[in-house]
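A.B. asks: This is the structure I have questions about; it appears just below.
The values are calculated or read from the model by the stated rules, or taken from the named source; none is laboratory data. This is a predicted model, so every value here is computed, not measured. In this analysis, Cβ positions are derived from the backbone assuming ideal geometry, glycine residues included, and neighbour counts consider all displayed protein chains. These area figures cover heavy atoms from the full protein model, side chains too; ligands, DNA and RNA do not enter into them. Shrake-Rupley method; radii C 1.70, N 1.55, O 1.52, S 1.80 Å.
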Amino acid sequence: VQDAVLAFLDEQGYEAIRVRDVSAADAPDNLIAFIANAQGLVLITHDRHFRRLSRLLVGEQRRAFESGAGTILLQLRETRSVERLRAEWRRILFLHEDAQLSGVRFHCRITESGLSLTTNARIDDEG
């Protein structure tokens, strides 16, 4: 994401870590997702492929990934990212907290005109 997104997160009191600062420039998506999950970080990206990563995992690894902090997918022009984040920020925080309290993975998709939330089934209910 753009440096402006990092600056916005900093303004809001959140630490933002760039992928390029913690991994190789050509690091595969599954490694990036693993690092974010292991650190309990919400991954903010324009890359819609991150949502599909849980399908590549099985058993305990899949449950651990699905119970991780989550992702925010920015499905819009990069130049509008900060504007849309700012407009939806309070809602994002509420939905993230609700997902954590409910024990589900947070996946938020922000578009030019809206916001949608997708969660997995409750981790406790998977048997």
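A.B. asks: Which of the residues that make up the range 77-115 are modelled with pLDDT of 90 or more, of a type in the set (S, T, N, Q) and under 15 Å from the mean Cα position of the chain (by Cα)?
C.D. replies: Across the range 77-115, the qualifying residues are 81, 111.
A.B. asks: While we're here: Of everything in the range 23-45, what is without any contact (Cβ under 8 Å) to a residue 60 or more places away in the chain, in contact with a strand residue (DSSP E or B) (Cβ under 8 Å, 6 or more places away or on another chain) and of a type in the set (A, V, I, L, M, F, W, C)? Give them in sequence order.
C.D. replies: Selection gives 32, 33, 36, 43, 44.
One line per residue, one yes/no per condition, for (1) modelled with pLDDT of 80 or more; (2) over 18 Å from residue 22 (Cα atoms); (3) over 9 Å from the mean Cα position of the chain (by Cα); (4) open to solvent by less than 20 Å² (accessible area, probe 1.4 Å):
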residue	(1), (2), (3), (4)
38	no, no, yes, no
55	no, yes, yes, no
63	no, yes, yes, no
71	yes, no, no, yes
74	yes, yes, yes, yes
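A.B. asks: Quick check on the range 66-113: of everything there that is outside any helix (DSSP H, G or I) and β-branched (Val, Ile, Thr), which residue is nearest to residue 41 (Cα to Cα)?
C.D. replies: 71
A.B. asks: Going by the structure shown, is residue 59 modelled with pLDDT under 90, open to solvent by less than 70 Å² (accessible area, probe 1.4 Å) and over 12 Å from the mean Cα position of the chain (by Cα)?
C.D. replies: Spelling it out, residue 59 is indeed modelled with pLDDT under 90, open to solvent by less than 70 Å² (accessible area, probe 1.4 Å) and over 12 Å from the mean Cα position of the chain (by Cα).
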